[in-house]
1. Does the range 107-129 include one or more residues that are surrounded by 14 or more Cβ atoms within 10 Å (Cβ to Cβ), within 23 Å of Asn163 (Cα to Cα), out of contact with any Cys (no Cβ under 6 Å at 6 or more places or on another chain) and modelled with pLDDT of 95 or more?
2. Kindly indicate whether any position in the range 23-41 is touching a Leu at 6+ places or on another chain (Cβ under 6 Å) and outside any helix (DSSP H, G or I).
3. In this structure, is Leu10 in contact with a helix residue (DSSP H, G or I) (Cβ under 8 Å, 6 or more places away or on another chain), modelled with pLDDT under 95 and either surrounded by fewer than 13 Cβ atoms within 10 Å (Cβ to Cβ) or over 26 Å from Lys177 (Cβ atoms) (or both)?
4. Name the pairs whose Cβ atoms lie under 8 Å apart, with the first residue in the range 64-93 and in contact (Cβ under 8 Å) with a residue 12 or more places away in the chain, the second among the acidic types (Asp, Glu) and crowded, with 23+ Cβ neighbours inside 10 Å, and 6 or more positions between them or separate chains?
5. Of all residues in the range 160-172, which are in a helix (DSSP H, G or I) and within 16 Å of the chain's Cα centre (by Cα)?
6. For the range 61-86, give me each residue that is within 15 Å of the chain's Cα centre (by Cα) and not aromatic (Phe, Trp, Tyr).
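The values are calculated or read from the model by the stated rules, or taken from the named source; none is laboratory data. Treat the numbers as computed from the prediction; the structure is a model and nothing was measured. Neighbour counts run over all protein chains shown; Cβ positions are idealised from the backbone, glycine included.
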Amino acid sequence: MNNRVLYILLPDYAAHEAVYLSQAIASDAFALKENPKYINQIVAPTLEPVKSIGGFRVLPDYSFETMPDDYAALALIGGFGWAAPVAEKVAPLVKSAIENGKIVGAICNAVSFLAQLKLWGGENYTNPMGYICAQAVSDNKIVTANGSATLEFAKEFLILLKNDPPEQIEMFYQFNKQGFCGYV
């Protein structure tokens, strides 16, 4: 089942950062997709419910120990858990994903973890001149976005996944960016 998009959720994750991406994978502008190209699944440190910043609780499909090897993409969803010790357990998962040619995306504090920015990484962050100030950046099979760029994150991720034709992805983006009245 290489059609899985696995969302890594840590305690106190930012639920809104996965909304556009997961919705576009599972549905189109009219209804749920009858045969979606990908399926959304949740991975968390354990199989216990994981709580969002807003108080929503999600029951994971997999724990870090039980997650499958056959998946298409790994999406690291931001939130406050990326500053906690449990985040260190994600590093080997990301390393494996990159080594195996999977798409990897990170948003908000997950980007800080991924890039080992000075806030958490100190000396580990070695390329401040390579920083690109943009809502979302995609390079090869990696996409990153700041926490205010949930829609841009979804668009770039969907393009890498080839989830839909480019025109449909652009329509999804413009509709959600401009709103109903601005788009029609």
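1. yes
2. yes
3. Working: in contact with a helix residue (DSSP H, G or I) (Cβ under 8 Å, 6 or more places away or on another chain): yes; modelled with pLDDT under 95: no; either surrounded by fewer than 13 Cβ atoms within 10 Å (Cβ to Cβ) or over 26 Å from Lys177 (Cβ atoms) (or both): yes.
No; evaluated as a whole, the condition is false for this residue.
4. Final answer for the pair search is Ile77/Glu17; Gly78/Glu17; Gly79/Glu17.
5. Of the residues in the range 160-172, the ones in a helix (DSSP H, G or I) are 160-161, 166-172.
Scanning the range 160-172 gives Leu160, Leu161.
6. Ala72, Ala73, Leu74, Ala75, Leu76, Ile77, Gly78, Gly79, Gly81
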